[in-house]
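Working notes, structure below.
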Amino acid sequence: MQSTVLHEESTHTPVHPGLFTILIMPMGVMSGYVSVTLAYLFSKSGISVEKVAALVAATFLPHIFKFIWAPIVDTTFSFKKWYLAASIISAAGIVATGILPIKESSLPLLTIIIVVSNFMVTFLCMSTEGLMSYDVPENLKGRAGGFFQAGNLGGAGIGGGAGLFLAQRLPAPWMVGVALGMMCLLCSFALLFFKDPKVTIREDAIAETYKNLFKDVWNTVKTKGGILAMILCFLALGTGAAGGLWSAAAKDWNATADTVALVTGVMGGLLSAAGCMTGGWICDRMNRRYAYLLFGILGAICATAMAYSPKTESMFIMWTSVYAFASGLAYAGFTAFVLEAIGKGAAATKYNIFAALSNSPIYLMTYIDGIAYARWGPKGMLNTEAVFAVFSVILFLTVQSILNRKQPVITGL
C-alpha cells in the first residue's frame, strides 16, 4: 500500500499555481463588496458611519475564529466537496445582500446574512488551502502563495471597484449581487483541474482521526521551523497597517478624494497583486523566512521615505503605490513560509492557526499607527511603523540564533 501511494505521488503532476488565484477569489470579492460597494451605498443613503463600520466589521468576524472549526474540513468530506458547498452558499449570500433594500431597517438581517456568508467563505478558504498544501510541491510553494494572495487581493478589487462601478450604472442594486455571486460561483470550475488528495490523518474511526490531527498539529508547532513560523506571525512586520489609514492621512499630502479612491482602490489592488506574484517568485529562490523579513524591511524603507518626502499629491500617489506593492510582497511571503512549515497532514487546521496568529499584529499595528498619527502626525505614524518592523527583524534573528544554539534540545527537528 505504501509503495502504491509513493508511486502515485511521484507520478502526480501538480496544477498550475494560477488556479489558486481563481479558487480564493470569492473571499476577496465578498470582502470588497461589503467594505466598498455596500458601505458606499448605505453611506450615500444617509446611514451613519458607525453603523456602516459595524456592517463591515461583520465581514471579518468569522475569519478571526475560523481556526476553531478548521478541523472539520480536515476530517470530513473532501476538499472539493467542501469548496463546492461553500461556494454555492456564499454566492447565494452575495445575491441576498443585493436583494435587501438600501435602508437602515435592513441592517440587522443584512448583518446576519454577511456573517453566515463569510462563515461559509471560511470553508472555501480552508478547502483551497488544503488543496494547495497537498498539490503544490516544495519548489513551487512560493509561487502558489503569490498566486493565492493575488487572488485574494484581486478579488477584493473586483468586489469593491467593479461592484461599485456596476452599482452606479445598473438600474437595480440586486443586479450587482447577482453578477458578483455568479462570478464567484463560476470560480468553482477550477476544481475540475484538481484531484482530491488522500488526507493522511484520516482513519475509519473519527476518534483516531482527531487523535492524528492533534498529534500532527503538535508535531508541527514544536519543531524549530514551526516555532520560527509562529514567531514570524506574531511580529509587527509586513502588516500593511498604514494602508488602512491612507484615507484619513491623505489631507496631509493635499490628495483629493479621487486620488485616494484611485490609490486605495483598483490601482492599489493591482499593485498589491503584482507584489504578490513577484514575492512568490522570489520565495522560491531563497530562504522563505528571510524573504519575508526582506519584504518587511522594504515596507519599512518605503514608510520612512514617504515620511520625509515632500507633502504633495504626486508623492502621495508614488509612495502609497510602492507601499501597496511591498505589502503584496509580504502577503506572498507569509503564505510561502506557512506552507513550508505546515507540510500536509491536517493542512487546513494548521494553516488557519498560523493565519489567526498573524491577525494579531495587523490589528495591533493599525491601532498603534492611529495613536502615532494623532500624537505626531503622518511622519510620526510612518516612522513608528518602520521602527516596529526593524525591531521585529532584530528580534526574530535573535530568537533564531538562540534556537540554533539549542537545536539538539528541541524535539522533532
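Assorted remarks:
- Summarising the label geometry, the points placed 7 Å from Cα in the beta-carbon direction at residue 374 and residue 398 lie 2.9 nm from one another.
- Local electrostatic count at residue 51 - Lys and Arg +1, Asp and Glu -1, tallied over other residues with Cβ under 12 Å: -1
- When Rg and Dmax are taken over the Cα atoms of segment 15-198, they come to 16.4, 52 Å.
- Charged-residue dipole, Cβ positions (Lys, Arg, Asp, Glu), segment 15-198 about Cα centre, Debye nearest 20: 180 debye
- Computed from Cα atoms alone, the Kirkwood hydrodynamic radius reported for segment 140-258 is 19.6 Å.
- Three-way shape label, segment 192-241, alpha-carbon gyration tensor, a/c 1.5: oblate
- Estimated inter-spin distance, residue 76 and residue 211, nm [label 7 Å along Cα→Cβ]: 2.2 nm
- Check: the chain dipole with +1 on Lys, Arg Cβ and -1 on Asp, Glu Cβ, in debye: 420 debye
- For the chain, convex hull volume per residue from C-alpha positions, Å³: 137 Å³
- For segment 262-386: rounded, prolate or oblate by the Cα gyration tensor [a/c cutoff 1.5]: prolate
- Legend: distances between Cα atoms for 80/344; 198/224; 81/344; 44/251; pairs beyond 24 Å are 198/224.
- Subtracting the Cα-Cα distance of residue 367 and residue 168 from 0.36 nm times their residue separation leaves 68.3 nm of extension gain.
Where a number appears in this text, it was derived from the coordinates with a stated rule and is not lab data. Being a predicted model, the structure only gives us computed values, none of them experimental. Ideal geometry is used to build each Cβ from the backbone, glycine not excepted, and the neighbour counts take in all protein chains shown.
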